[in-house]
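Heads up, the thing below is written out as structure tokens.
The values are calculated or read from the model by the stated rules, or taken from the named source; none is laboratory data. Remember, it's a predicted structure, so these values are computed and weren't measured experimentally. All Cβ positions, even for glycine, are placed from backbone atoms using ideal geometry, and neighbour counts span all protein chains on display.
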Amino acid sequence: MGEEEQQEEQNQQPTSLIEPTETSESPKQQEYEWAPPQIRFDVPPYRTYHFYKQFRTGSNPNNFLKGVKWSPDGSCFLTSSEDNTLRLFSLPDYGSNEVHASSSASEEDSYAAELVIGEGESVYDFCWYPYMSASDPVTSVFATTTRDHPIHLWDATSGLLRCTYRAYDAVDEITAAFSLSFNPAGTKVFAGYNKLIRVFDVHRPGRDFAQYSTQQGNKEGQTGIISAIAFSPTHTGMLATGSYSQTTAIYREDNMELLYVLHGQEGGVTHVQFSKDGNYLYTGGRKDPYIMCWDIRKAVEVVYKLYRSSESTNQRIAFDIESSGQYLGTGGQDGLIHIYDLQTGQWVFNFQAAADTVNGISFHPFLPMATTSSGHRRFQLPEDDNEDLNLRGDENCASVWHFSCMVVVKYHYKYSARSVFRDDVLTNIISFLPIKQAIRASTASSRLKQSWLFSRNLCFGKDFVKRHDKQDFVRIVDRVFDLHLGSKIQTFRLVFDPTEVEITVENWIQICVDKEVEELDLDFGLAVTPYRIASDFVDVNSIKILKLCCCELDLLPTFRGLYSLTTIIFRRIEITAESLGTLFSYCLLLESVELVKCRRIGHLRILAQNLTRFKALKVGDCTSLTQIDVDSPTVNTIYYMGRLISFEFPCIPQLKDIIFNFKPRRLISKFFRDGGYLSDITHVPVISTSTTIIEDLSPGLNVERALQLSFVNLRELQLFMAGAMYCNLYDIAHFLKRCPRLERLFIDLRGFNFETQEVWELHQRELIERDIHLLRNLEFVKMEGFKFEEHEMEVVKFLLERAIVLETLVLVAPKTNRQGILQFHNIPICRQICKKSISPFAKTRFYFDDKDDTPGPKHSRTWYYQRRTSN
């Protein structure tokens, strides 16, 4: 090979990222279109991986699997077994089309589970977070429900317990869910109980939930234990629930209105699943040999029944629909996987998956693969207790199967050609991966080496910039753009110092604009001076999310563009209030605006009467800011962190939650002498605030001159005590009197110590004791950074004496005792105080910070990243 040919080959690869590609045509002359993979069920599948030994322990040789589920991103699968254990297995050759056959007769498992998580009791159900991605640890979670335990949310990366969702019965004891599922949006957990469905907010762990009875007052509806839950995948807002009363019900998700009740199952329903188009519902039950197909558009019509061998078992036997939505697979007591054509309801194919009951099958979300689980309870005679069960390798086991498939790829050259490949991975799926993962996946097979050229997510973040010097960074990114063949770029993320390569960076931005980028994320925080964006975004209408850090952006008054923009996040941006006003005037689809450390903004005006979708405004540490005006009938969230400024709220009727985290003042003079804009937010149900508001509304020693403000709808209050000038129990108590419906109170004592005040000892303590005002709705109190100081215990005593329906008081101490801040000698006194409560239901719990798993407030101390300070 000559030098010129070698150079040409090197130009077809980004430096240090991928090997050269073999191709007979120039990629730049090709465009393609992928169809979903068509699995060939006329060809027996290969067993690629097999597991059985790790499910058999000396303590429980009769252990058997109860179910299996692939993760939504396809990177791993999760099994549940009779020993109350969940095991997570990662797919080693994720993205590869190469088949490694594994025999069930092998003496060893293919590989060991990556995670082993033990539950305390029998696992009733488990499910993955719908947007789980192994590349994003925040989303890498799954939920479980077990006997006599709350719902657990587990970290699929570390195996640690993230949080719990707890339901209590009429005698205030924890009751376990029998089934659970995330809603399609991933914001709520729906859990099935006896004649009840409870709905938990994913972001609010603890005992807060909405409760819906499945049986109406006239005895209509769905009775029995809710044993299965499934949502329509088409986001139509419908969900189906199965019950051991042999019925299936369909509800609306938003208000749990009962739409239909389906009768006809011979046994208790154990599994429900919608078709991919959401028009049909499939249900199966225990001791019932048929999976029933219902046309939900016609309410009660059974389209057909699919046979499986399950007429004599109480086991939950799952079925699943493969990714194209054309075929359904189900196990049974005969050890076979039966495949049915969902268009006709006809049997198509079967294969032997195990020698005993196959109780679970789960198709990979986009690869031609499936995993199965098998096993059932075996009973031994008393005289056989000392004998081994002598199970075979294909009993009580899990297997991964690889199917042959047909993938149709249409390439368009100067003429149209049609090429058919077998056993390939969907390049269209790879194109949606971030560029790093796309390149890694494309190297798994020679047939896929071109797939990364169509990547829609070009993300060059902090990890990438740390591994390369500036010269290599620019060369690699340049090469990626030079070779990119896709017609669209969905996301372009760049963390970089653009100094001295501004023209190159502007060229990257222009390529993304030309390819209709939807999310543009430019973080130039590594630069000393802000990067000036040359583009004026005129006629740029594809961008929906615009994130800029350390940039200069000037928009002319004649600006016309970005009309598709929904989200703005500006950090350390040199932009004027006038330019922001221009954006608000012409970006009519705006939903959220976040401004952090933008120094040139003086008077911010959000005049959003025409923005019918505008929901959230977040402003933090904008040092030149003096006033914010918000006139929006749709805004429901306002977050502010910074120095004391003025607000004007002409119209904010939909405001639901607010953060006012003001920085400490230097002067004691009151800012809210006449109430100011506080009278405009008295209807808000969730408020997090620093003590500035508490101190200013405090009457001092002259109660008659106090401002007459009442926060009549306030349900949750969080107080940031750090930076308080003189706030004590007297000021807190008077503010709580203004909140007649308060249910949850969070007091953040981190970085704060109550100072001994003479006015408290001489006057305010007596005034508090004489004031017999009761807190009639307060149910939950949490104090973080609790150091057992005397005045902290005064606050605890006050709350226990006044909250007549208090259920839980949580005191969280710092996990480290730096500088001796924890006053251990006061712990016995505090325990004695906590034994006396006006509420008969009150329970006090003590935790150190790193052990606390109780519910937290809706808001964090700061809504953008800031190093946490704690005692």
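Right, Arg715: more than 28 Å from the chain's Cα centre (by Cα) and modelled with pLDDT of 85 or more or not? Quick ask: steps written out before the conclusion?
Values: more than 28 Å from the chain's Cα centre (by Cα): no; modelled with pLDDT of 85 or more: yes.
For Arg715, the condition - more than 28 Å from the chain's Cα centre (by Cα) and modelled with pLDDT of 85 or more - is not met.
This table checks each residue for (1) part of a helix (DSSP H, G or I); (2) in contact with a strand residue (DSSP E or B) (Cβ under 9 Å, 6 or more places away or on another chain); (3) within 26 Å of Phe200 (Cβ to Cβ).
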| position | (1), (2), (3) |
| --- | --- |
| Val759 | yes, no, no |
| Glu769 | yes, no, no |
| Leu811 | no, yes, yes |
| Lys815 | no, yes, no |
| Leu822 | no, yes, no |
| Pro855 | no, yes, yes |
Fill in: Ser309 modelled with pLDDT of 85 or more, out of contact with any His (no Cβ under 7 Å at 6 or more places or on another chain) and either buried (at least 20 other Cβ atoms within 10 Å of the Cβ) or assigned to a loop (DSSP other than H, G, I, E, B) (or both)
yes
Practice prompt. Starting from residues that are crowded, with 23+ Cβ neighbours inside 10 Å and small (Gly, Ala, Ser), keep the ones in region 182-198 and report whichever is farthest from Phe209 (Cα to Cα).
Written response: Gly192
Item to complete: Could you pull out the residue among Gly224, Gly264 that is surrounded by fewer than 17 Cβ atoms within 10 Å (Cβ to Cβ) and closer than 19 Å to Gly285 by Cβ?
Response: Gly264
Worksheet entry | Odd one out for Ser624 among (1) surrounded by fewer than 14 Cβ atoms within 10 Å (Cβ to Cβ); (2) at pLDDT below 90 | (2)
Fill in: Output for region 741-756, where each listed residue is surrounded by 15 or more Cβ atoms within 10 Å (Cβ to Cβ) and out of contact with any Asp or Glu (no Cβ under 7 Å at 6 or more places or on another chain)
Leu742, Leu745, Phe746, Ile747, Gly751, Phe752
Discussion item. Can you find a residue that is at pLDDT below 90, of a type outside the set (Val, Ile, Thr) and not in a loop (DSSP other than H, G, I, E, B) anywhere in region 270-288?
Written reply: no
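Every residue, every condition in (1) of a type outside the set (S, T, N, Q); (2) in contact with a strand residue (DSSP E or B) (Cβ under 6 Å, 6 or more places away or on another chain); (3) in the same structural domain as Arg831 (by TED's automatic domain parsing), yes or no:
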| position | (1), (2), (3) |
| --- | --- |
| Cys727 | yes, no, yes |
| Glu743 | yes, no, yes |
| Phe754 | yes, no, yes |
| Gln764 | no, no, yes |
| Ile772 | yes, no, yes |
| Phe780 | yes, yes, yes |
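Answer yes or no as to whether Val805 is modelled with pLDDT of 90 or more and not in a loop (DSSP other than H, G, I, E, B).
Working: modelled with pLDDT of 90 or more: yes; not in a loop (DSSP other than H, G, I, E, B): no.
Considered against the rule, which asks whether it is modelled with pLDDT of 90 or more and not in a loop (DSSP other than H, G, I, E, B), Val805 comes out as no.
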Practice prompt. Please verify whether region 493-502 includes one or more residues that are in a strand (DSSP E or B) and either under 26 Å from Thr582 (Cβ atoms) or small (Gly, Ala, Ser) (or both).
Written response: yes
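Being charged (D, E, K, R) and modelled with pLDDT under 85 is the filter; apply it to region 828-865 and report the residue that is nearest to the chain's Cα centre (by Cα). Spell out how you get there, then give the answer.
Start the filter on region 828-865 by keeping residues that are charged (D, E, K, R), which leaves 831, 835-836, 843, 845, 849-853, 858, 861.
Still in the running and modelled with pLDDT under 85: 849-853, 861.
Numbers: Asp849: 23, Asp850: 22, Lys851: 22, Asp852: 21, Asp853: 18, Arg861: 20 Å.
Looking at residues that are charged (D, E, K, R) and modelled with pLDDT under 85, I get Asp853.
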Worksheet entry | Exclusive hit being out of contact with any Gly (no Cβ under 6 Å at 6 or more places or on another chain), at pLDDT below 90 and closer than 27 Å to Lys858 by Cβ, set Ile645, Ile601 | Ile645
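Go through region 164-179 residue by residue and tally those that are buried (at least 22 other Cβ atoms within 10 Å of the Cβ) and either of a type in the set (Ser, Thr, Tyr) or under 19 Å from Leu88 (Cα atoms) (or both).
Residues of region 164-179 buried (at least 22 other Cβ atoms within 10 Å of the Cβ): 165, 177, 179.
From what's left, either of a type in the set (Ser, Thr, Tyr) or under 19 Å from Leu88 (Cα atoms) (or both): 165, 179.
Final tally of qualifying residues: 2.
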Discussion item. What's the total number of residues in region 86-125 that are of a type in the set (Gly, Ala, Ser), modelled with pLDDT of 90 or more and under 25 Å from the mean Cα position of the chain (by Cα)?
Written reply: 3
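For region 176-195, what are the residues that are part of a strand (DSSP E or B) and at pLDDT 95 or above? Even if it seems obvious, please write down each step before you answer.
The first filter runs over region 176-195 and keeps only residues part of a strand (DSSP E or B), leaving 179-182, 188-194.
Residues satisfying the conditions are Ser179, Leu180, Ser181, Phe182, Lys188, Val189, Phe190, Ala191, Gly192, Tyr193.
Based on this model, can you work out whether Ser690 counts as surrounded by fewer than 19 Cβ atoms within 10 Å (Cβ to Cβ) and either modelled with pLDDT of 80 or more or on the phi > 0 side of the Ramachandran plot (or both)?
Against the criterion (surrounded by fewer than 19 Cβ atoms within 10 Å (Cβ to Cβ) and either modelled with pLDDT of 80 or more or on the phi > 0 side of the Ramachandran plot (or both)), Ser690 does not qualify.
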Fill in: Residue among Ala191, Ala230, Ala240 that alone is aliphatic (A, V, I, L, M) and out of contact with any Leu (no Cβ under 6 Å at 6 or more places or on another chain)
Ala230
Discussion item. Considering only region 299-306, I want to know if a residue exists there that is touching a residue at least 24 places away in the same chain (Cβ under 8 Å), crowded, with 18+ Cβ neighbours inside 10 Å and not hydrophobic (A, V, I, L, M, F, W, C).
Written reply: no
Fill in: Flag if Leu745 is in a helix (DSSP H, G or I) and touching a residue at least 40 places away in the same chain (Cβ under 8 Å)
no
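For region 808-850: of the residues being basic (Lys, Arg) and free of Cβ contacts under 8 Å to residues at least 24 places away in the same chain, which is surrounded by the most Cβ atoms within 10 Å (Cβ to Cβ)? Show your work before the answer.
Narrowing region 808-850 to residues basic (Lys, Arg): 815, 818, 831, 835-836, 843, 845.
With the extra rule that they be free of Cβ contacts under 8 Å to residues at least 24 places away in the same chain, the set shrinks to 831, 835.
Working: Arg831: 12, Lys835: 9.
Filtering first and then ranking leaves Arg831.
What do you reckon, is Thr241 out of contact with any helix residue (DSSP H, G or I) (no Cβ under 6 Å at 6 or more places or on another chain) and either at pLDDT below 90 or assigned to a strand (DSSP E or B) (or both)? Walk me through how you get there before you give the answer.
On the way: out of contact with any helix residue (DSSP H, G or I) (no Cβ under 6 Å at 6 or more places or on another chain): yes; either at pLDDT below 90 or assigned to a strand (DSSP E or B) (or both): yes.
Criteria met by Thr241.
In this structure, is Ile573 in contact (Cβ under 8 Å) with a residue 40 or more places away in the chain, of a type in the set (A, V, I, L, M, F, W, C) and buried (at least 21 other Cβ atoms within 10 Å of the Cβ)?
Details: in contact (Cβ under 8 Å) with a residue 40 or more places away in the chain: yes; of a type in the set (A, V, I, L, M, F, W, C): yes; buried (at least 21 other Cβ atoms within 10 Å of the Cβ): yes.
When the stated conditions are applied, Ile573 passes them.
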Worksheet, complete the sentence: Screening Ile317, Ile291 for residues that are part of a loop (DSSP other than H, G, I, E, B), surrounded by 23 or more Cβ atoms within 10 Å (Cβ to Cβ) and of a type in the set (Val, Ile, Thr) leaves only Ile317
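Would you confirm whether or not region 507-521 contains a residue that is among the basic types (Lys, Arg), farther than 22 Å from Thr576 by Cα and assigned to a loop (DSSP other than H, G, I, E, B)?
Within region 507-521, one or more residues are among the basic types (Lys, Arg), farther than 22 Å from Thr576 by Cα and assigned to a loop (DSSP other than H, G, I, E, B).
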Item to complete: Determine whether region 200-219 contains at least one residue that is buried (at least 19 other Cβ atoms within 10 Å of the Cβ), under 28 Å from Tyr282 (Cβ atoms) and at pLDDT 95 or above.
Response: yes
